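Novice: One structure coming up, written as structure tokens, with questions to follow.
The values are calculated or read from the model by the stated rules, or taken from the named source; none is laboratory data. From a predicted model like this one, the values you see are computed outputs, not experimental measurements. Heads up, the Cβs are rebuilt from the backbone with ideal geometry, glycines too, and the neighbour counts pull from every protein chain shown. In case anyone asks, the SASA skips ligands and DNA or RNA and just uses the protein heavy atoms, side chains included. Shrake-Rupley method; radii C 1.70, N 1.55, O 1.52, S 1.80 Å.
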Amino acid sequence: MTVKDERDRESSLKLFVVMSRAMQTIQKRVESNIKSFGMNLTEFAVLELLYHKGEQPIQKIGQKVLLASSSITYVVDKLEKKGHLVRKPCPNDRRVIYAVLTEEGKKMMEKIFPKHQDAMIEIMGGLSTEEKELTIEKLKKLGFYAKGNE
């Protein structure tokens, strides 16, 4: 094995460890922020999706918030009981049910989303804007490459 190959092997493993640890730390901070609003990460993810993208077919929410489809019904049930969303049948296809933010859910998100956004800015404050943009670009490149090798 050449020195370059050995260096690449070591840096690949180190990159994985550093990214994993950074993500765990960031995840803990984000979860703590969201818990301060009285909800868990999946509830917030569903509400945030509906807040920014409008009504969504319940069957499609899982893919968009990276949640198992088996968990979506449970989360939607909880959010519905809390009065944050309602189910609305699709007029064209009886098999499709939409999740729709209620007025109460919308008002709550208008109140808490700016606070969440401020927390994200603070959590990601270790990088300059330029560094964030470069990191986004490089992580997308890495993700696309890894996906192509599945």
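Novice: Of all the residues that make up the stretch 117-150, how many are without any contact (Cβ under 8 Å) to a residue 12 or more places away in the chain and open to solvent by less than 60 Å² (accessible area, probe 1.4 Å)?
Specialist: The total comes to 5.
Novice: I've got another one for you. Of the conditions (1) in contact with a strand residue (DSSP E or B) (Cβ under 9 Å, 6 or more places away or on another chain); (2) modelled with pLDDT of 95 or more, Ile58 clears all except one; give me its number.
Specialist: (2)
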